[in-house]
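The values are calculated or read from the model by the stated rules, or taken from the named source; none is laboratory data. Predicted model, so just to flag it, every value in this text is computed and none were measured. Here the Cβ positions follow ideal geometry from the backbone for every residue, glycine too, while neighbour counts run over all protein chains shown. These accessible areas exclude ligands, DNA and RNA; they are computed on the full protein's heavy atoms, side chains included. Shrake-Rupley method; radii C 1.70, N 1.55, O 1.52, S 1.80 Å.
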Amino acid sequence: MRSGNPALKESTFLDLASGTVVRNPGDAMTLNGTVNKTGVLLLLCVITAAFAWNQVEFTLDGPVGAAPYMWGGAIGGLVLALITVFKKEWSPVTAPLYAIVEGFFLGAISAMYNHLYEGIVMQAVLLTFGTLFALLFAYRSGLIKATENFKLGIVAATGGIFLVYMASMVLGMFGIQIPLIHESGIIGIGFSLFVVVIAALNLVLDFDFIETGVEHGAPKYMEWYGAFGLLVTLVWLYIEFLRLLSKLQSRN
């Protein structure tokens, strides 16, 4: 049950309070229920993203109206994500709120990327959902198996990426930039490709996590939690596709 996604970690089912694993099938987590709730979260995210996109205007002095949605969405999304992780039973409420707030962030940042590189957002969206369905097919058909060694490797790589991003953010506060990885050179593109692959493979771990929850008879609210965790990975993958495509287009 290990996942590189911090929302879907190894101990999620183990740390549920005693007695929360249900016996009545009608009160248990199901695969169809999780899929349906994932669709609801994606719809909420798209609606608010479209709204935020339309609020951003571009002038000779730069974008206008993007900052409140970007910062509000990023901070609000982080707070709601943390609440959801630590209070899983609240996920029927906090997961939709996270999707709504995260949509504001995605809409604003997507508008800015699309202004710089026209058409990049549609490309990133198609790549994100293409990757989702391709890996879902590979997982369901048995082409990719979430073995213990596979999980350990993805978790380790995800942790390494997280540390690099944290170091980059902290050093950036002091005006120090980690060389090459954020640039459009060969190393920068290679780094983005690596991150995209790891983000994509986290989807396999998320599928395995959700399937495990269904098999263990997890409580019904875990459908919302599983959908939330999958959305977290999809948001990460989409952002990384935007970064990779922007590096590729900036070389032209």
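Phe58's amide H: which non-local residues (gap 5+, or another chain) put their own amide H closer than 5 Å, with H modeled 1.01 Å from N in plane and none for Pro or chain starts?
Close amide H contacts, sequence-distant or interchain: Val64.
For Gln123 and Phe137 in one chain, what is 0.36 nm times their gap in residues minus the Cα-Cα distance, to one decimal in nm?
Between Gln123 and Phe137, full extension yields 2.9 nm more.
Determine the gain in length on full extension of the stretch Val35-Ile176; use 0.36 nm per residue of separation and subtract their C-alpha separation, reporting nm with one decimal.
46.5 nm
Which translational diffusion coefficient, to the nearest whole µm²/s, is obtained for the range 143-225 from the Stokes-Einstein equation, given a Kirkwood hydrodynamic radius over C-alpha pairs, 4 °C and 1.567 mPa s?
In µm²/s, the coefficient rounds to 86.
Assigning unit charges at the beta carbon (Lys, Arg +1; Asp, Glu -1) and nothing else, what dipole magnitude in debye, to the nearest 20, does the range 27-250 show about its Cα centre?
I would put it at about 180 debye.
Could you work out the relative contact order of the chain, using alpha carbon pairs under 8 angstrom and six or more residues apart, expressed as a whole percent?
36
Per residue, how big is the convex hull of the range 27-250 when only Cα atoms are used? Give it in Å³.
Hull volume normalised by residue count: 133 Å³.
With unit charges on the beta carbon (Lys/Arg positive, Asp/Glu negative), name the residue among Thr128, Thr158, Ala49 whose Cα is farthest towards the positive pole of the charge dipole of the chain.
Toward the positive end, the furthest listed residue is Thr158.
Scaled to the compact-protein estimate 2.2 N^0.38 Å, what is the alpha-carbon radius of gyration of the range 90-169, rounded to two decimal places?
Dividing the Cα radius of gyration by 2.2 N^0.38 Å gives 1.44.
In nm, give the distance between the simple-model label positions of Met166 and Ala50, each being 7 Å from the Cα along the Cα-to-Cβ direction.
3.8
Just to confirm, what accessible area per residue do you get for the range 27-250 at 1.4 Å probe, in whole Å²?
Per residue, the range 27-250 has 49 Å² of solvent-accessible surface.
Using the Karplus curve 6.51 cos²θ - 1.76 cosθ + 1.60 with θ = phi - 60°, work out ³J(HN,Hα) for each residue of the range 57-69 in order, rounded to whole Hz, and write x for Gly and Pro.
In residue order, the calculated couplings are 10, 10, 10, 5, 8, x, x, 10, x, 7, 4, x, 6 Hz.
What is the gain in length, in nm to one decimal, between Ile187 and Phe58 on full extension, counting 0.36 nm per residue of separation less the C-alpha to C-alpha distance?
43.3 nm
Based on the Cβ-Cβ distance of Ser246 and Asp27, what FRET efficiency does E = 1/(1 + (r/R0)^6) give at R0 = 35 Å, to the nearest 0.05?
0.15
Just how much of Ser168 is accessible, in Å², when a 1.4 Å probe is used and the result is rounded to the nearest 10?
20
Could you work out the per residue convex hull volume over the alpha carbons of the range 44-133, in cubic angstrom?
Each residue corresponds to 94 Å³ of Cα convex hull volume.
Got a sec? Charge dipole of the chain, +1 on Cβ for Lys and Arg, -1 for Asp and Glu; which of Leu205, Val101, Ile186 is way out at the positive end?
Leu205
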